[in-house]
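The structure appears right after this line, and notes come after that.
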Amino acid sequence: MEFFEIMNTACINEKLYFDKEKYDKFMKYKDLIKEWNEKINLTAITEDEDIVKKHFIDSIKIFRFSLLNTAKRIIDIGTGAGFPGIPISIMLPEVEVVLLDSLNKRVNFLNEVIKELNLKNITALHGRAEDFAREKGYRENFDFAVSRAVANMAVLSELCIPYVKTNGYFIALKGPSVEEEINEGKKAVVTLGGVIEDIINVDIENTDLKHNLVIVKKIKETPKIYPRKAGTIQKKPIK
Ligand code: SAM
């Protein structure tokens, strides 16, 4: 129960219920990350305490935007080893979560985590965000799209906002300094049908880490021409 207290404190601060069952799932997840990280490149963060603080608690901080608790369907774009999507699924087991990543090895890892942790209502998909966003059942089909450490705001908005229903939200988990990135990403957000509603600073307990949640509300449908093809988005971001 080495990390129970710090995880519980983080959950209490975000008004989340935490218990031993959830804790055990996180610890099993940590062990799987360490085991698989020896075979495939999942994360540069490998110490137990760092995994707990910089991956688990950092992901849990997304609940500072408390409307996330009202979601029925959430997609995590470029989820990698499952952040923040797996922690969200552990915290909200009744909510449907879709994890999307373009690297198949990571999706295989996610499927193993889903099986071993006995997570329900969660699917890991292999593919590019640009492609699934054109599929029926995905486009304009989620209450929330979330993403951490995938691209700058201009590019990320084009990868994420098409998935969100009108009146839903896109939440980008960002590092400590976001102002310049947000200024450069504003045009993309608006073009894709969104508006930046808030930027929420969050501290990670027992660290000096300060992160930001960029909250984008979708106020109208994304024009059909977006997202553009893979490559074009990154080479010619909407600016
Ligand atoms: N979100 C995780 C985290 O915070 O630990 C992973 C971040 S990792 C730096 C970026 C991930 O995004 C990689 O796993 C990569 O395969 C995925 N990715 C990048 N571009 C993508 C795209 N266009 N569609 C789907 N996945 C993508």
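The values are calculated or read from the model by the stated rules, or taken from the named source; none is laboratory data. From a predicted model like this one, the values you see are computed outputs, not experimental measurements. FYI the Cβ positions are ideal-geometry reconstructions off the backbone, even for glycines, and counts take in every protein chain you see.
For the range 74-106, residues that are outside any strand (DSSP E or B) and more than 9 Å from the ligand (Cβ to nearest atom) total 12. So, of the residues in the range 173-212 that are part of a strand (DSSP E or B) and within 16 Å of the ligand (Cβ to nearest atom), which turns out to be farthest from SER157 (Cα to Cα)? Residue satisfying both the conditions and the ranking: VAL202. The test for being modelled with pLDDT of 95 or more and within 9 Å of the ligand (Cβ to nearest atom) does not hold for ALA145.
Quick one: in the range 58-103, which of the residues that are among the β-branched types (Val, Ile, Thr) and touching a Gly at 6+ places or on another chain (Cβ under 6 Å) is surrounded by the most Cβ atoms within 10 Å (Cβ to Cβ)? Result: VAL97. Note on the range 40-57: residues that are assigned to a helix (DSSP H, G or I), within 16 Å of the chain's Cα centre (by Cα) and surrounded by fewer than 21 Cβ atoms within 10 Å (Cβ to Cβ) total 1. Might you check whether a residue that is without any contact (Cβ under 8 Å) to a residue 60 or more places away in the chain, within 12 Å of the ligand (Cβ to nearest atom) and in a helix (DSSP H, G or I) occurs anywhere in the range 160-172? Scanning the range 160-172 turns up no residue that is without any contact (Cβ under 8 Å) to a residue 60 or more places away in the chain, within 12 Å of the ligand (Cβ to nearest atom) and in a helix (DSSP H, G or I).
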